[in-house]
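The next block holds one structure in the form of structure tokens; read it before the comments.
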Amino acid sequence: MSEQPPTPAPTPAGAPEPEPLRWFGTSWLNRDNGYWPRRVAVSVGALVAAAAAVLLLRFGVEGIALSDNGTFLNGLLTAAIAVCSMMAVRRTWKVLTEGKDQLTGWMAEDRSLGAVWLIGGAGSLLAYFARSLVEAPGEAVNRAAYERAVAQYEKRQAGRSRRPDAKAPGRAGRKR
């Protein structure tokens, strides 16, 4: 007979449910059901994707360099890629550690700075890789939200256990 994985206990009605993470589902909550192999796969995948993005950027820069437009243009292009990458790293790190709803100012711009995020994609992937070494990317944000929701739920439940409903069986209602 093969061993079956333990089935989780059913959650009571109204209890908070954890939000699933991309590639992890809800396995981040208890760090089970293949959490660690997924973490390794996400880390390796992000590093490989970052290497591919850097290679594409290198081909683009070499193409401009071959056109003999001068060292100023080459330096300007390299500086632009570096700035875009730094901006993308900062934004990605903030999204993964604090959540997308905490973005303000230029970081919150998705459409108008789309080209910056595209050019800085390699930096963003490197930030994703670095964060995946610490935890599942986005886990801290989801864990904090889930723990807040559980604490609120338990507080509501504790409040109800001390104050039973006035219409509970065996209790007489107030007469007016």
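The values are calculated or read from the model by the stated rules, or taken from the named source; none is laboratory data. Every value quoted in this text rests on a predicted model; they were computed, and no experiment measured them. Cβ placement follows ideal geometry from the backbone for every residue including glycine, while neighbour counts extend to all protein chains displayed. Please note that ligands, DNA and RNA were not included when accessible areas were found on the heavy atoms of the full protein model with its side chains. Shrake-Rupley method; radii C 1.70, N 1.55, O 1.52, S 1.80 Å.
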TODO: Provide, for q = 0.17, 0.24, 0.26 Å⁻¹, the log10 of I(q)/I(0) from a solvent-free Debye sum over equal Cα point scatterers in the stretch 100-163.
DONE: -0.78, -1.07, -1.10
Task: Rounded accessible area of residue 104 (nearest 10 Å², 1.4 Å probe) - done: 100
Task: For the stretch 10-85: rounded, prolate or oblate by the Cα gyration tensor [a/c cutoff 1.5] - done: prolate
Task: Largest-first ordering by accessible area, 1.4 Å probe, given options 59, 24, 72 - done: 72, 59, 24
- [ ] With label points built 7 Å along Cα→Cβ from the Cα atoms of residue 150 and residue 106, find their separation and express it in nm.
- [x] 3.9
TODO: Could you pull the Cα extents of the stretch 56-96 along its three principal axes, largest to smallest, in whole Å?
DONE: 40, 19, 6
- [ ] Would you please report the Å³ per residue occupied by the convex hull of the alpha carbon atoms in the stretch 1-137?
- [x] 140
